[in-house]
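What follows is a short report on a single structure.
The values are calculated or read from the model by the stated rules, or taken from the named source; none is laboratory data. Remember, predicted model here, so these are calculated numbers, not experimental data. Neighbour counts are summed over all protein chains in view; Cβ atoms, including those assigned to glycine, are modelled from backbone coordinates with ideal geometry. The protein model used for the area step is the full one, side chains on, heavy atoms only, and it has no ligands, DNA or RNA in it. Shrake-Rupley method; radii C 1.70, N 1.55, O 1.52, S 1.80 Å.
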Amino acid sequence: MKQREETMQTAAKAECGCCRHKHRENKEMRGLLNRLNRIEGQVRGVRAMVEEERYCVDILTQVMAIQAALNSFNKVLLSNHIKSCVLEDIQAGKEESLTELCETIQKLMK
């Protein structure tokens, strides 16, 4: 019963346009998930460093590495988004996708 309710809620969200989805090919999906798994491991490592009372600069160095990894993830995801979602929207005459892209880039650059 609960699963049916969740399915209905998901369908309702899709109909209202508030929840969009993007099918990713296996290669792209694996690449993104591998990056996220590495980042997750780095975050767990920083947590362990804090618990072990490691030196602040050593922890900060690892946090900078996590930030760089997240930036790299964002670059790959943004590139894929432009080459697929944005291109498809423009070809379909949905130019509002460009506005969304510009807003997204501005947020990323903060």
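List of remarks:
- Any hit, the range 33-49, residues being surrounded by fewer than 11 Cβ atoms within 10 Å (Cβ to Cβ) and either at pLDDT below 95 or outside any helix (DSSP H, G or I) (or both): no
- A48 without any contact (Cβ under 8 Å) to a residue 24 or more places away in the chain and closer than 29 Å to L101 by Cα: no
- Between E103, E53, E15, the distinction of being more than 14 Å from the chain's Cα centre (by Cα), acidic (D, E), part of a helix (DSSP H, G or I) and modelled with pLDDT of 95 or more belongs to E103 only.
- Among the residues of the range 60-104, the ones that are farther than 25 Å from L32 by Cα and either open to solvent by less than 50 Å² (accessible area, probe 1.4 Å) or in contact with a strand residue (DSSP E or B) (Cβ under 7 Å, 6 or more places away or on another chain) (or both) come to 0 in all.
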